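Since the structure comes first, as structure tokens, the remarks are kept for the end.
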Amino acid sequence: MVALMAAMMMFIIAGVGQRPHEGPSAAAVVAGLLLVVFLVGVGLQLSVAWFNRPRWCVPAYLRGESGAWAERHPRKAR
């Protein structure tokens, strides 16, 4: 959420005072990178919750369990 909030602030900063035919400002580039970080984080969080993968992101006491997807769809998880 911090990356998303920072990206939105950078987009606001990038839009203020920009001339119509200029390329992207440094603030817009940073905002784009922060959005990518946010989306990767969301994808990683969903992967851990649904599939319990990658193991290095799963807490040690939960590594032996299956993810939510495997519990709800036991035939497809094999």
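The values are calculated or read from the model by the stated rules, or taken from the named source; none is laboratory data. On a predicted model such as this, the values are computed, not experimentally measured, just so you know. As a convention, Cβ positions derive from the backbone with ideal geometry for all residues, glycine included, and neighbour counts pool all protein chains shown. Heads up: the accessible areas ignore ligands, DNA and RNA and are worked out on the full protein's heavy atoms, side chains in. Shrake-Rupley method; radii C 1.70, N 1.55, O 1.52, S 1.80 Å.
Among the residues of region 16-39, what is the count of those that are within 24 Å of Trp69 (Cβ to Cβ) and either among the acidic types (Asp, Glu) or open to solvent by 90 Å² or more (accessible area, probe 1.4 Å) (or both)? Outline the logic, then answer.
Filtering region 16-39 down to residues within 24 Å of Trp69 (Cβ to Cβ) leaves 38-39.
Next cut, either among the acidic types (Asp, Glu) or open to solvent by 90 Å² or more (accessible area, probe 1.4 Å) (or both) only: 39.
The number of residues fulfilling the criteria is 1.
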Exercise. Enumerate the pairs (first residue in region 54-78 and open to solvent by less than 50 Å² (accessible area, probe 1.4 Å); second residue anywhere and modelled with pLDDT of 80 or more and part of a loop (DSSP other than H, G, I, E, B)) with beta-carbon separation below 6 Å, excluding pairs fewer than 6 apart on the same chain, so at least 6 apart or on different chains.
Key: Val58/Asn52; Gly67/Asn52
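Would you check which residues across region 40-53 are in a loop (DSSP other than H, G, I, E, B) and open to solvent by less than 50 Å² (accessible area, probe 1.4 Å) and list them? Spell out how you get there, then give the answer.
Taking region 40-53 as the starting set, the residues that turn out to be in a loop (DSSP other than H, G, I, E, B) are 52-53.
Answer for region 40-53, where residues must be in a loop (DSSP other than H, G, I, E, B) and open to solvent by less than 50 Å² (accessible area, probe 1.4 Å): just Asn52.
Collect the residues in region 15-39 that are outside any helix (DSSP H, G or I) and of a type outside the set (Val, Ile, Thr), keeping them in residue-number order. Steps first, please.
Quick first cut of region 15-39, residues outside any helix (DSSP H, G or I) only: 16-25.
Once the filter is applied, which keeps residues that are outside any helix (DSSP H, G or I) and of a type outside the set (Val, Ile, Thr), region 15-39 yields Gly17, Gln18, Arg19, Pro20, His21, Glu22, Gly23, Pro24, Ser25.
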Quiz item: Only one of these conditions is not met by Ile13: (1) within 17 Å of the chain's Cα centre (by Cα); (2) surrounded by 16 or more Cβ atoms within 10 Å (Cβ to Cβ). Which number is it?
Solution: (1)
